[in-house]
């Protein structure tokens, strides 16, 4: 459908990637990964026709429509949100207007006349095209997409210019999804989405009928939405089958195989060189020496890629606070007549790591500002515990920095006892390297300044951190550094994040803000979802607790007798284990077949052969999914009998 052959691209003097062969098939589901600055967005722009290649070629089938969503920078004005999205269907609306005109015209003509027959024939053809293009459902389509992306019905008629940059990008995403291009290109589509909108987008992409390629730093999002990973690393693009977790496993396995092959080759080269050096001047061994020299010359040397450095940074631990860090009792907050939440009561204890969740506009940032003392209470009482020292990181924290200071100098002034190596390591964790550390803060982008502000705060953290979207603008490596440091942090953390992996691994409690209330859920994000889906009796609201309303109690049932240990037929268990092993071998074989088909597709021979290979690849992937499901089922059965 769309093919890159020997593709390469430079950014100034820097080579981003080279030698890329990639055939994007009609059902492509690919995630682009790699560190910041490796060329992911540039490659997406090349596919979208916004950038040209420096090497190689790109070709596409006639009639292919490509749609591209950048990270940010798009805005619209002059229409309501609903009307702006309806512009996608301008062609369909033209057909609708023509149908209305033809209907009126037929009512004016004599049904027995020739002109009436011509108008009726035109009406039938236009009506058929209108129905084929789902003309009668366009309003419903717009409503479904806007609702899924978090626009309330009362927002649909608001003017687009009333919305902030993040919501402007949601409007752009909505239009692109409604256009349904043959190749959908999304650069960080989840940046401006809350968890609910992300969940909806995952479902939408799962049912998307065409191809898409996307960039995301959200592991969960990649695992759910893509079936292939394209990694840009060391100026090459390497493809892996499966989602993000499978990519990590396969990359480790490939590297291990490459290292083993490199070791074997090195051993062989040393053997050959030792023989040649030992017998070079012995006439009786001349033939064997020449044979080994030729063998040595024919060896294609294996090169190991440069090692990816794993960065660890130990942040200083704060002085301890008292057991109770903060308490809210009957707290309410409103802006004029708009009530954000009311009658909120909870206690935060030392060591808590609390995630604030809820749709955009529910009041997460408002609550975290109340805890920081930036916002005042409307009613109620908020008290800090003994020795508790809050430190607030805002989404626009960079505004607090001096734009005239250089990054390295500013950080050194904040930590005069740290060595240059330590400071550079910290800056490297947050994606500042080489000459970037000597830039003035004022010339950094908003995302870069936020990253620096986060690094600066963590250099001397207080014992009560309040973080509003700290993972924004961080790639996966930087997120890992931040997550690792906060997991080891001995103080207390309250944070807002839309990255589920980050929430899942950091949170010990979840505060859900919805409908003017705050509900407290113990455990991490998975525990929260389990309870939300009915995995436990409904968590009572703070209002219910204060009103003395007891939680709903299940109908008492007689306690069942303890089940007797289940005896398993050892022969059947052995059969199941053998079958599981056969399935594992089959999975490995199918993965190899899929990889071979993908490589074959990347070498374009002709349209018919490409179509045949694409169909073959689709059937191989379907069979792989089926066998994987069967293997998971039988594995669960074996574990249940253990």
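The values are calculated or read from the model by the stated rules, or taken from the named source; none is laboratory data. Values in this document were obtained by computation on a predicted structure and should not be read as measured data. In this analysis, Cβ positions are derived from the backbone assuming ideal geometry, glycine residues included, and neighbour counts consider all displayed protein chains.
Residues in region 463-477 that are farther than 22 Å from residue 347 by Cβ and in contact with a helix residue (DSSP H, G or I) (Cβ under 6 Å, 6 or more places away or on another chain) were compared, and the one that is surrounded by the most Cβ atoms within 10 Å (Cβ to Cβ) is 470. For region 101-108, the condition of being closer than 21 Å to residue 174 by Cβ and without any contact (Cβ under 8 Å) to a residue 24 or more places away in the chain holds for none of the residues.
Only a single criterion out of (1) surrounded by fewer than 17 Cβ atoms within 10 Å (Cβ to Cβ); (2) free of Cβ contacts under 8 Å to residues at least 40 places away in the same chain; (3) closer than 29 Å to residue 187 by Cβ is not satisfied by residue 266, namely (3). Just one of the listed residues (31, 49, 35) is at pLDDT 90 or above, part of a loop (DSSP other than H, G, I, E, B), in the same structural domain as residue 207 (by TED's automatic domain parsing) and closer than 30 Å to residue 621 by Cβ, namely 49. For region 400-409, the criterion of being surrounded by 14 or more Cβ atoms within 10 Å (Cβ to Cβ) and on the phi > 0 side of the Ramachandran plot is met by no residue. Against the condition touching a strand residue (DSSP E or B) at 6+ places or on another chain (Cβ under 8 Å), at pLDDT below 80 and outside the structural domain of residue 61 (by TED's automatic domain parsing), how does residue 592 come out, does it pass? No: the conditions fail for residue 592.
Does region 202-223 hold any residues that are in contact with a helix residue (DSSP H, G or I) (Cβ under 9 Å, 6 or more places away or on another chain), more than 22 Å from residue 478 (Cα to Cα) and surrounded by fewer than 21 Cβ atoms within 10 Å (Cβ to Cβ), and which are they? Matches in region 202-223: 202, 203, 204, 205, 206, 208.
Checking each residue of region 393-404 against the condition of being modelled with pLDDT of 90 or more and not in a strand (DSSP E or B) gives no match. Of everything in region 100-128, what is exposed (fewer than 15 other Cβ atoms within 10 Å of the Cβ) and within 47 Å of the chain's Cα centre (by Cα)? Give them in sequence order. 100, 124, 125, 128, listed by residue number.
For region 58-71, the set of residues classified as more than 16 Å from residue 10 (Cβ to Cβ) and touching a strand residue (DSSP E or B) at 6+ places or on another chain (Cβ under 9 Å) consists of 59, 60, 61, 64, 65, 66, 67, 68, 69, 70, 71, listed by residue number.
Of the residues 107, 112, the single one that is outside any helix (DSSP H, G or I), more than 30 Å from residue 157 (Cα to Cα) and out of contact with any helix residue (DSSP H, G or I) (no Cβ under 7 Å at 6 or more places or on another chain) is 112.
Just one of (1) under 30 Å from residue 513 (Cβ atoms); (2) surrounded by 15 or more Cβ atoms within 10 Å (Cβ to Cβ); (3) out of contact with any strand residue (DSSP E or B) (no Cβ under 8 Å at 6 or more places or on another chain); (4) at pLDDT 80 or above fails for residue 341. It is (3). The set of residues from region 224-263 being part of a helix (DSSP H, G or I), in contact with a helix residue (DSSP H, G or I) (Cβ under 8 Å, 6 or more places away or on another chain) and either within 30 Å of residue 289 (Cβ to Cβ) or touching a residue at least 60 places away in the same chain (Cβ under 8 Å) (or both) comprises 225, 244.
Residues in region 492-530 that are over 19 Å from residue 468 (Cα atoms) and assigned to a loop (DSSP other than H, G, I, E, B): 515, 516, 523. Scanning region 189-215 for residues that are modelled with pLDDT of 90 or more and assigned to a loop (DSSP other than H, G, I, E, B), we see that the one that is nearest to the chain's Cα centre (by Cα) is 189.
Only residues that are touching a helix residue (DSSP H, G or I) at 6+ places or on another chain (Cβ under 8 Å) and surrounded by fewer than 19 Cβ atoms within 10 Å (Cβ to Cβ) were counted across region 441-459, and they come to 2. Restricting to region 405-437, give me the number of residues that are modelled with pLDDT under 80, under 30 Å from residue 371 (Cα atoms) and not in a loop (DSSP other than H, G, I, E, B). So the count comes out to 3. The condition of being modelled with pLDDT of 90 or more and either more than 27 Å from residue 163 (Cβ to Cβ) or assigned by TED's automatic domain parsing to the domain that holds residue 498 (or both) holds for only one of 132, 103, that being 103. A Cβ distance below 6 Å, combined with a sequence gap of six or more or placement on separate chains, defines the contacts here; from region 356-367, residues that are in the same structural domain as residue 333 (by TED's automatic domain parsing) and in contact (Cβ under 8 Å) with a residue 12 or more places away in the chain reach residues that are outside any loop (DSSP other than H, G, I, E, B) and surrounded by fewer than 19 Cβ atoms within 10 Å (Cβ to Cβ) in the pairs 358/514; 359/196; 362/514.
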